[in-house]
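Handing you a structure now.
The values are calculated or read from the model by the stated rules, or taken from the named source; none is laboratory data. Please read all numbers here as calculations on a predicted model, not as lab measurements. FYI the Cβ positions are ideal-geometry reconstructions off the backbone, even for glycines, and counts take in every protein chain you see.
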Amino acid sequence: MGPTLSFRGVDNASYYRLVADNRRFCFDYTGTGNTLNVTNPHVLQLIMDSLRYWVLEMHVDGFRFDLAATLARELHEVDKLGAFFDIIHQDPVISQVKLIAEPWDLGEGGYQVGNFPVHWTEWNGEYRDAIRRFWKGDEGQTGSVAYRLTGSSDLYERSGRRPYASINFVSVHDGFCLLDLVSYNDKHNEANGEGGNDGTDNNMSWNCSVEGPTDDPSILAIRERQQRNFLATIFFSHGVPLLLSGDEIGHTQKGNNNTYCQDNELTWLDWELNKPRKKLLEFTRFLIQLRKQHPVLRRRSFLRGRTMRDPNLRDVHWLRPDGKEMRREDWDDAHCQCIGMILAGDAIGEADERGRAVVDDTMLVILNAHFESIPLYLPPFLLGGQWDFSEGHWDLVMDTRISRRGRDVHLRPGDSYELEARSMALFIFQGVEHEDED
């Protein structure tokens, strides 16, 4: 029903999808009461004229389409070959800017993660869910986490896209912010005036044993470590990191996961930072700096398990805590909650803008979502001696147990490192340089 506003007052039947057997009602795929009718050529023209205006006159460099699956519904089902995509791809202006889809809507079959066409990037809902479940402590997540860390090739490679098609996030404006993700098991939306019926119940969150605020130092320590785990995972994953404003300073919405209607302290950012919030901001800046410095963390092509120039040379190696290579049965083990990922800095296989090979340090990323600490053994050899780490040492660059640290921990291959429960670490390998013989 509702008032006669917007295009409803111009030509309701042309601009909006209407219920077939009662056309006084709008069909609602969006949850906001209406859905644009993209089967009408004039509606498509309006959309394209608007997009071109924002690029040519306002000089934006791209768009994020909210509930983008609604624009792909020509009849009822989502159609990635629909007119909306066709007209976007053939447009000489819009086809050249960033196109980011929120790849779902509220209608039947609306969840379309991985199904948008080439040239599109997507908010990766599979990434959010897998990483949340993993750090929450759910079992059986390591296989999915491995895909998410390496750009989600299972979702995007078959359509010809690259790792940067994956917009990696664990929190956005919808749902829990990061601090609430580790502080609440349930939503607390009473302030919204809808009797707590709004907002999702599927938060995949863990309150670290107490619901909401606490003064218990042990619980606060776990929550701080969990926030660092999520942030480090995002910035060490291939793809495009998405950071929700406020997560870098420990903003809380007090358990409210649907704050669209709140214009107050729940959504305002408080820049008076106490010590823990300052430390979190410093840690986030440190992660951003690491990602910028190391191209091995932001590859533009998918890992192959080998390289093109040498099929026997591996670009990635998956490690068990005992320092040996992950086997199929390890991936199938639901109780496996600790994995290591070695990224070969000399096997990136990409070129810079001058055509020079991109080379970086070899890095070891370790994630331990288990509730107990685990000793990790650093191998001297991998794959029958193909990777020889015997001459050199591993420098500890980051451990989320202690926020961050410089390279003051040097481990020889074969040494063990005690990885705290629910923590993450990053090592860089430093080889021994030999002088050339005459």
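Given the criteria free of Cβ contacts under 8 Å to residues at least 24 places away in the same chain, assigned by TED's automatic domain parsing to the domain that holds Gln253 and of a type outside the set (Ser, Thr, Tyr), does Asp201 qualify?
Working: free of Cβ contacts under 8 Å to residues at least 24 places away in the same chain: yes; assigned by TED's automatic domain parsing to the domain that holds Gln253: yes; of a type outside the set (Ser, Thr, Tyr): yes.
In short, yes.
Additional query: Exactly one condition in (1) of a type in the set (D, E, K, R); (2) more than 16 Å from the chain's Cα centre (by Cα); (3) surrounded by fewer than 23 Cβ atoms within 10 Å (Cβ to Cβ) is false for Asp174; which is it?
(2)
Sticking with this structure for a sec: Residues that are farther than 30 Å from Glu325 by Cα, among the acidic types (Asp, Glu) and either in contact with a helix residue (DSSP H, G or I) (Cβ under 6 Å, 6 or more places away or on another chain) or not in a helix (DSSP H, G or I) (or both): does region 130-146 have at least one? Walk me through it before giving the result.
So the first thing to find is which residues in region 130-146 are farther than 30 Å from Glu325 by Cα, and the list is none.
No, every residue in region 130-146 fails to be farther than 30 Å from Glu325 by Cα, among the acidic types (Asp, Glu) and either in contact with a helix residue (DSSP H, G or I) (Cβ under 6 Å, 6 or more places away or on another chain) or not in a helix (DSSP H, G or I) (or both).
Need the failing condition index for Gly195 against (1) touching an Asp or Glu at 6+ places or on another chain (Cβ under 9 Å); (2) without any contact (Cβ under 8 Å) to a residue 40 or more places away in the chain, just the number.
With (1) touching an Asp or Glu at 6+ places or on another chain (Cβ under 9 Å); (2) without any contact (Cβ under 8 Å) to a residue 40 or more places away in the chain applied to Gly195, the lone miss is (1).
Another question about this same structure. Please enumerate the residues belonging to region 230-258 that are free of Cβ contacts under 8 Å to residues at least 40 places away in the same chain and not in a loop (DSSP other than H, G, I, E, B). Give the steps one after another, and end with the answer.
So the first thing to find is which residues in region 230-258 are free of Cβ contacts under 8 Å to residues at least 40 places away in the same chain, and the list is 245, 248-249.
Answer for region 230-258, where residues must be free of Cβ contacts under 8 Å to residues at least 40 places away in the same chain and not in a loop (DSSP other than H, G, I, E, B): Glu248, Ile249.
Of all the residues that make up region 182-200, how many are at pLDDT 95 or above, surrounded by fewer than 19 Cβ atoms within 10 Å (Cβ to Cβ) and within 23 Å of Phe169 (Cβ to Cβ)?
Result for region 182-200: 3.
Next up: State all residues of region 109-129 that are under 16 Å from the mean Cα position of the chain (by Cα) and either more than 20 Å from Glu157 (Cβ to Cβ) or in a helix (DSSP H, G or I) (or both); if no residue qualifies, say none.
Gly125, Glu126, Tyr127, Arg128, Asp129
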